[in-house]
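The values are calculated or read from the model by the stated rules, or taken from the named source; none is laboratory data. Bear in mind the structure is a predicted one, so any value in this text is a computation, not a measurement. Quick reminder, even Gly has a Cβ in these numbers, built from the backbone with ideal geometry, and neighbours come from all protein chains shown. Side chains are part of the model used for accessible areas, which takes the heavy atoms of the whole protein and leaves out ligands, DNA and RNA. Shrake-Rupley method; radii C 1.70, N 1.55, O 1.52, S 1.80 Å.
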Amino acid sequence: LQQVRTVFLALAAAFGLASAGAQEPAERVLDAFEEIAPWTAAPSDDVRASLAQTQGETGRALRFSFDFGGGAGYAAIRRALPLELPENYEISFQIRGEAPANNLEFKLTDESGENVWWSVRRDYAFPREWTRIAIRKRQIEFAWGPTQDRRLRRAAHFEFVVSAGAGGAGAIEIDNLTIRALPLAPISYPAPTARATS
C-alpha cells in the first residue's frame, strides 16, 4: 500500500509540473494607446483621415476616422515601433467601429520602409463591440519590397490600414496592441497508428 501511495504522489507531482510548464506565455503590451502622439495618419489622395483619443476597453484608445469621399483609396495610421520578433508569435489588438465593410490591413515594415509584410481581412465587417483580433506569424505574409530575404525578424514600423471595399465614411477604434511568444511548431509529427476491434 505504501508503494502504491508513493507512486501516486510521484505521478501527481509530475502531472503538476507538466501543467505548470504548459501555461500560456504572458502577453507583452506594445501599445496601450494611452497616448496617440506616436501615431500619424497617412491617407491616399482624395481620402480624409484623422486621429483622436477615446475611451478604450481598458483605459484609453485610438479613434481613427476616415472618409473615402465616394471613391477608392486607403486611409492608414502608422508609428515607429522597433521590435525584435520571436521565432514564433501572435500579435493581437482590440477593435470596434462604425464603418461600412472595407479591407482591414495590418502591416509591418523594416527599417527601410520599402519592405512590407501584412495580414489582410477583405470586406471586413467592423464589430460594434470590442473584439480581439489575433494574428499569428504564419498569417503574416510578405507583401512587397526589394529584399531577397523575405523572413521578417525585426519590425521597425506598425501600420493599420483601411482600404476601400464598400468605401464610404466611418471610424474605427483600436486598443491593447500586444505580442505573445508561442512555442515552436514541431518539425515532424509521429506517424499515425490505427487499431480495430471486431
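Numbers below:
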item: All positions within segment 126-144 that are under 12 Å from the mean Cα position of the chain (by Cα), closer than 21 Å to A32 by Cβ and open to solvent by 100 Å² or more (accessible area, probe 1.4 Å); result: R132
item: Selection from segment 55-68 of residues that are crowded, with 16+ Cβ neighbours inside 10 Å and not charged (D, E, K, R); result: G56, A61, L62, F64, S65, F66, F68
item: Candidate set from segment 145-172 (those that are under 20 Å from Y74 (Cβ atoms) and not in a strand (DSSP E or B)); member that is most open to solvent (accessible area, probe 1.4 Å); result: A166
item: Breaking point among (1) touching a helix residue (DSSP H, G or I) at 6+ places or on another chain (Cβ under 6 Å); (2) farther than 22 Å from A42 by Cβ, for S119; result: (2)
item: Pairs with Cβ under 9 Å, 6+ apart, first in segment 48-74 and free of Cβ contacts under 8 Å to residues at least 12 places away in the same chain, second surrounded by 13 or more Cβ atoms within 10 Å (Cβ to Cβ); result: Q55/A61; Q55/E173
item: Some residue of segment 144-157 being touching a Lys or Arg at 6+ places or on another chain (Cβ under 9 Å) and free of Cβ contacts under 8 Å to residues at least 40 places away in the same chain; result: no
item: Selection status of L81, surrounded by fewer than 20 Cβ atoms within 10 Å (Cβ to Cβ) and aliphatic (A, V, I, L, M); result: yes
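Residues are listed down the side, and each one gets a yes or a no for (1) part of a loop (DSSP other than H, G, I, E, B); (2) among the charged types (D, E, K, R):
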site	(1), (2)
A49	no, no
A61	no, no
P100	yes, no
E111	yes, yes
